[in-house]
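Chemist: This is the structure I want to talk about, given as structure tokens.
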Amino acid sequence: MSHFTAFFDACVLYPAPLRDILMQLATTNLFRAKWTDKIHEEWTQNLLKNRPDLTKEHLQRTVDLMNSHVLDGLVYNYQDLIPCLTLPDENDRHVLAASICGRADVIVTFNLSDFPNVVLEQYRIQAQHPDQFMTNLINLAPSIVCESIKKQRLRLKNPPKNVEQLLECYEAQGLPQTVAKLSLYKASL
């Protein structure tokens, strides 16, 4: 198993298509995925607020599946570190604290400005946009990533998606570099 560790911010777990592919990739052993119960609370509460068609029970099932399918995904005992940290938005300190305690190499987030390099450098952590993270994984192991994407695509039933539709979905998730890279491997998806 890889020792490279990615901590997922709530914003990358909020959109189902992105969460789904990140979880599929987390089971490949290309990296170790980490999050906290607080991260789960953030993305599920925001989703429930914005999507009245979803239920708390439905999202809890997703949380339970994530926790059970990704070995050692949950980070615990990071709360004492929170008051010692300084970030532009103090509400993000729990993310950095858990990343430190989880020995993360990267924080995968859309909110790069919330995690300045000058702060993260002292903990040897980088903030990466999910597009950069996914592109790096494709560069590292294109066949493994393509197989994961194919598994995700074949699992989609409501509605099903062909390769083009899935790539359009990734584009809509803010992953243009990922889509450009995956376009080279369409036959494998």
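The values are calculated or read from the model by the stated rules, or taken from the named source; none is laboratory data. Source: prediction; values computed, not measured. Note: ideal-geometry Cβ built from the backbone for every residue, glycine included; neighbour counts use all protein chains shown.
Chemist: If you go through segment 71-114, how many residues are hydrophobic (A, V, I, L, M, F, W, C) and under 16 Å from the mean Cα position of the chain (by Cα)?
Modeler: 12
Chemist: Which of the following residues is surrounded by fewer than 19 Cβ atoms within 10 Å (Cβ to Cβ), polar (S, T, N, Q) and more than 16 Å from the chain's Cα centre (by Cα): ASN50, ASN29?
Modeler: Of ASN50, ASN29, the one residue that is surrounded by fewer than 19 Cβ atoms within 10 Å (Cβ to Cβ), polar (S, T, N, Q) and more than 16 Å from the chain's Cα centre (by Cα) is ASN50.
Chemist: Criterion first (more than 19 Å from THR28 (Cα to Cα) and either of a type in the set (A, V, I, L, M) or out of contact with any strand residue (DSSP E or B) (no Cβ under 6 Å at 6 or more places or on another chain) (or both)) does VAL95 satisfy it?
Modeler: Yes; evaluated as a whole, the condition is true for this residue.
Chemist: Between residues in segment 145-164 that are within 14 Å of LYS186 (Cα to Cα) and residues that are assigned to a helix (DSSP H, G or I) and small (Gly, Ala, Ser), which pairs lie under 8 Å by C-beta distance while being six or more apart or on different chains?
Modeler: CYS146/SER188; GLU147/SER188; LYS150/SER188
Chemist: So which of LEU54, LEU59, LEU25, LEU65 ends up being in the same structural domain as ALA104 (by TED's automatic domain parsing), closer than 19 Å to THR109 by Cβ and in contact with a helix residue (DSSP H, G or I) (Cβ under 9 Å, 6 or more places away or on another chain)?
Modeler: LEU25
Chemist: Condition test on GLU171, is it within 17 Å of the chain's Cα centre (by Cα) and of a type in the set (D, E, K, R)?
Modeler: yes
Chemist: Report yes if PRO160 is assigned to a helix (DSSP H, G or I) and either assigned by TED's automatic domain parsing to the domain that holds GLN45 or of a type outside the set (Lys, Arg) (or both), otherwise no.
Modeler: Against the criterion (assigned to a helix (DSSP H, G or I) and either assigned by TED's automatic domain parsing to the domain that holds GLN45 or of a type outside the set (Lys, Arg) (or both)), PRO160 does not qualify.
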